[in-house]
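To keep things clear, I will list the structure first and then write my remarks on it.
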Amino acid sequence: MAARPATPASPKNARIKSPQPGQPLFGCEHLQRLFNQDQATTNTSIAHYKAILRNILEIDPINCQTAKMTDTGKVVTSLTPTYMCLQCPSTLTEDDCVKHGSKKSHRFYVESRTGALYCQMCDDIVWDPTLEELRLRKLGSGTFSGSRKRKQDDLFAADQAKDGPSFISANTTAPSCKANGLRGIYNAGATCYQNVVLQSFLHNPILRNFYLSDGHSSQNCEGSYCLSCAMDDMFQDFYVLENTNGYTAANILSGFWISEKKAFENLVTTKEQDAHEFFQFLAEELHERNGDGKKPEIGSEHSCNCIIHQTFYGKLQSTTTCQHCSGATNQVQSFLDLSLPLENLAQKKGKKGSSSKANAMTLQECLDEEYIKQDKCEYRCNKCDSTQQARRQTSIKRLPNVLSIQLKRFEFKQGRNERAAKIDTPVHFPLSINMLPYTTRARSTDVSENYELQRSCIYDLLSVVVHVGEIDTGHYVAYCRVGDQWFAFNDHKVELASVSHVLGARAYLLFYIVRSLA
């Protein structure tokens, strides 16, 4: 009698590594969504990751360095790492990863040199406990199973000893504050409005990298009382010197007071002044010292490749549409910052409710008023050759790398008793904001499926400048993010701040940095 054939074993489900204290369960939120779809997706992803590791570690390395170009179909072997898709059997160059991700919505790739996992949505290498354990097993014992566990334990015994709390505490030295630029600035007599702007510049990673890489060398500059040289010296003192005491910005003050800029001559006093005006002055001065030397004209389109334009400048587009012939006229102008009026919106909110919570606004509401809603106006239409009713809408044609926003809390009241007044209405602002709805591209095309475009418009909060007190006798403080922590800068005093404390502040200036650079 013939023997009954053996029943094939059912496929073994892949398991996610159990959570460990102090470790995330998944590499990132996007990988978590992939693994949580269903068990079949998890099985396929982990099995494919194992196959890729075998290809990297067991077969000729040149195979992993060979990819097929998406556009031309040409097969190329690269000296730089290629990327193997975790969701399909494709090997891609770094440039083709974006095209492949947009076409097939595949967002996870394995780097051909190390087997590390790259998440396109995070735009970074991610450390996932489950996949990392497979990678280390393959590197250590040559297998994914635990059959050679002793060999692997012997290989990593020394590293495991170094993970012990006693070893870590005995061999750890706390970094000094100077490594992160955590240092206050002394008030030289009503100069807190300068100190907060300087702190926002000092903790701007684009400006920091520029000055610390000799973008403007004070030793080679021939200008007298150069503010850019003073900024260069300041960055060196904050990020190089072993000193955490308060800093005296004497060179900044002398260069500022000797400046010949008539538009800002009212700032050169011993009285409290406007931090926003000082920000504009400092940006223009640094542009002239590092750029083409031409002053940006208000209401015009100005192009320059200096560090200030690369950091802060964007472009606005104003579109005026004739209501009679539907003809449209576009005007483009450069901007250093976005100034958002609060008074009209505060009055609208005040009519709806009397409580402070009802009157509170959001940053998104302020942006909607300026860059989504249309205004009625009269317009001389060339096509109609007459004055017609028109609608005008302003949008952001090009976003800057660092978005500067002024909430216009100070308004000049005209009338019999002319006076300046402060608008103290709360404005809630987020830690991150999507600026895509306020761009010109969002008006003209469907961008809902364009993930790369959406990602390029996500901004993270970098610094906050706050005015505390009355308009004539108030004080400025700043909050700046250093890594994942927030710090409050009150002249020479520097203190750790909570996120809730930062988000609860009555902001006057906000600085957001595009996430892809942060």
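Taken along the Cα-to-beta-carbon direction at a fixed 7 Å, the label points for residue 95 and residue 443 span 3.4 nm.
Per-residue extension of 0.36 nm, minus the Cα-Cα distance of residue 378 and residue 454, leaves a gain of 23.9 nm for this segment. Quote the FRET efficiency, to the nearest 0.05, computed for residue 421 versus residue 240 with a Förster distance R0 of 30 Å and r equal to the Cβ-Cβ distance. That pair, residue 421 with residue 240, gives E of 0.10.
For the pairs 348/422; 315/373; 373/422; 74/99; 17/104, flag any whose C-alpha to C-alpha distance is greater than 23 Å.
Working: 348/422 17 Å; 315/373 18 Å; 373/422 25 Å; 74/99 16 Å; 17/104 28 Å.
Exceeds cut-off: 373/422; 17/104.
With a simple spin-label model that places each label point 7 Å from the Cα along the Cα-to-Cβ direction, the separation between residue 44 and residue 258 comes to 6.9 nm.
Put simply, the amide H of residue 462, placed in the peptide plane, has neighbours under 5 Å in 511, 512, 513, leaving out anything fewer than 5 places away on its chain. Label sites at residue 225 and residue 343, each approximated as a point 7 angstrom past Cα along Cα to Cβ, lie 3.5 nm apart.
Tell me, in nm to one decimal, what length is gained between residue 59 and residue 72 on full extension, where the rule is 0.36 nm per residue of separation less the Cα-Cα distance? Numbers along the way, then the final one.
Details: separation 13, 0.36 × 13 = 4.68 nm, distance 2.66 nm.
Taking residue 59 through residue 72 to full extension adds about 2.0 nm, to one decimal.
Computed over protein heavy atoms with a 1.4 Å probe, the carbon and sulfur contribution to the accessible area of the range 197-252 reaches 40%.
The values are calculated or read from the model by the stated rules, or taken from the named source; none is laboratory data. Please read these numbers as outputs of a predicted model, since none were measured by experiment. Here the Cβ is made from the backbone with ideal geometry for all residues, glycine too, and neighbour counts use every protein chain on show. Just the protein is used for accessible areas: all its heavy atoms, side chains included, with ligands, DNA and RNA removed. Shrake-Rupley method; radii C 1.70, N 1.55, O 1.52, S 1.80 Å.
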